[in-house]
1. Of the heavy-atom accessible surface of chain B (probe 1.4 angstrom), what whole percent is carbon and sulfur?
2. Long-range amide H contacts for B:R122: which residues qualify at under 5 Å (H placed 1.01 Å from N, peptide plane, sequence gap of 5 or more or a different chain)?
3. In degrees from 0 to 90, rounded to the nearest 10, what is the angle of the helix B:123-145 Cα long axis to the longest principal axis of chain B?
4. Near B:V77, within a Cβ-to-Cβ distance under 9 Å, what is the net charge of the other residues, with Lys and Arg +1 and Asp and Glu -1?
5. Need the full-extension length gain, B:Q83 to B:V41, defined as separation in residues times 0.36 nm minus the C-alpha distance. One decimal, nm.
6. Checking the a/c ratio against 1.5 first, then a/b against b/c, what shape does the Cα gyration tensor give for the range B:1-119?
7. For the range A:51-165, restrict the atom set to alpha-carbon positions and state the Rg and Dmax in Å.
8. Limiting things to C-alpha atoms, what are the Rg and the maximum Cα-Cα separation (Dmax) for the range A:1-43, in angstroms?
Amino acid sequence: MSDYKQQVSRRQFLNYTLTGVGGFMAAGMLASPLRMAIDPVLQPSRSGDLANVGLAEEDITTEPQRVEWKVEQVDGWYESEVTKSAWVFKNDKGEIVALSPVCKHLGCMVSWEGSEKYPNEFFCPCHDGRYYKDGTNVPGTPPPEPLDVFEQKVENGMLFLGKAHPRKGA
Amino acid sequence: MLQKVYDWIDERVDITPIWRDIADHEVPEHVNPAHHFSAFVYCFGGLTFFVVVIQILSGMFLTMYYVPDIENAWKSVYYLQTQVAHGQIVRGMHHWGASVVIVMLLLHTLRVFFQGAYKKPRELNWIVGVLLFFIMLGLGFTGYLLPWDNKAYFATEVGLNIAGEVPFIGDYLKTLLAGDVEIVGAQTLTRFFAIHVFFLPGALFALMAVHFILIRRQGISGPL
């Protein structure tokens, strides 16, 4: 930079200006479409509204029972009612546990004591996946991790469930 | 008459050199099945292109009936398949062609691989070819969802879960493809439709142009 009086030639000047203007035009053309394309990623995660599943707390036993409830699902411009289900019971400490019935192997539906061969376990009929009562997968069977657990609360003696979340460990 | 039209245009814009450049070149003896029957292995690239043309044409006509909406997608496919004259044939072309194109592409790749035709100076064309292969897989994946039947839905569910397993960006990638964090639904279908019909074909045409220009510039690889 010793030559402090560096001249910008006419050609350079035009090159820079035209590249700059062209860049602005390209950016202007692409900005909105790109923002539109990535919109789903930037949506705030939906508030986990808990829904009344129609089961009183006092009716929950230590024996897992299957509950089904309906939630409003909004899929863009398409609104529908979808049925969700869970296996609900009280564990040894008296806490309510609500497990997702979706097998962590390939997404079939597990059921409590679904096989006569494996009492006291959740059983998936698709590939003989098994889970202990607390939802932990039985080692050596196909599922790679424990069943998801629903967000839950008890209000006015009724059970409310939200979204199912995976839990750590296996 | 035709000759006159041609001459009239050629006199003004001199188109003869253009098509000469594209069409007028010798096929070397070692790639001509008329000389050596075993040279049929050189046909697979051209056959891939041929099937791609069928896919483009049949796909263009399919969109005259298809609706990418979860209420109507399956119904429109069913209608086109059962009510429209020759609809079954056009959809059949697109359906079977999708598999045939993958087979041809693999055979072409195998030929190039086992003849070592990808070696210098043709490495770049091999890379473009691999990109073309990925584009084809993408077209197959996105097209599979469009009939919106059970098989389509669950295949997409599996595919999206695979995308979700990509390290670090998996979740974003999955949402970006599905158009929703959890639901494979209305927005997934429109997205896949757009990708299948506009984005990937656009990339396909660009890469095919590069693929062909490179092979014309470098010439086909010599005999073994």
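1. For chain B, the apolar C and S fraction of the accessible surface comes to 69 percent.
2. Residues meeting the amide H criterion: none.
3. It works out to around 30 degrees.
4. It works out to a net charge of +1.
5. Computed gain between B:Q83 and B:V41 is 11.1 nm.
6. Oblate, because a/c is 1.5 or more while a/b does not exceed b/c.
7. Here Rg and the maximum Cα pair distance are 14.6, 46 Å.
8. Reported Rg and Dmax, both Å: 18.0, 53.
The values are calculated or read from the model by the stated rules, or taken from the named source; none is laboratory data. Note that the structure is a prediction, hence the values are computed from the model and not measured. With ideal geometry, Cβ positions are generated from the backbone for all residues, glycine too; neighbour counts draw on all protein chains shown. Note: accessible area is taken over every heavy atom of the protein model, side chains too, but ligands, DNA and RNA are not part of it. Shrake-Rupley method; radii C 1.70, N 1.55, O 1.52, S 1.80 Å.
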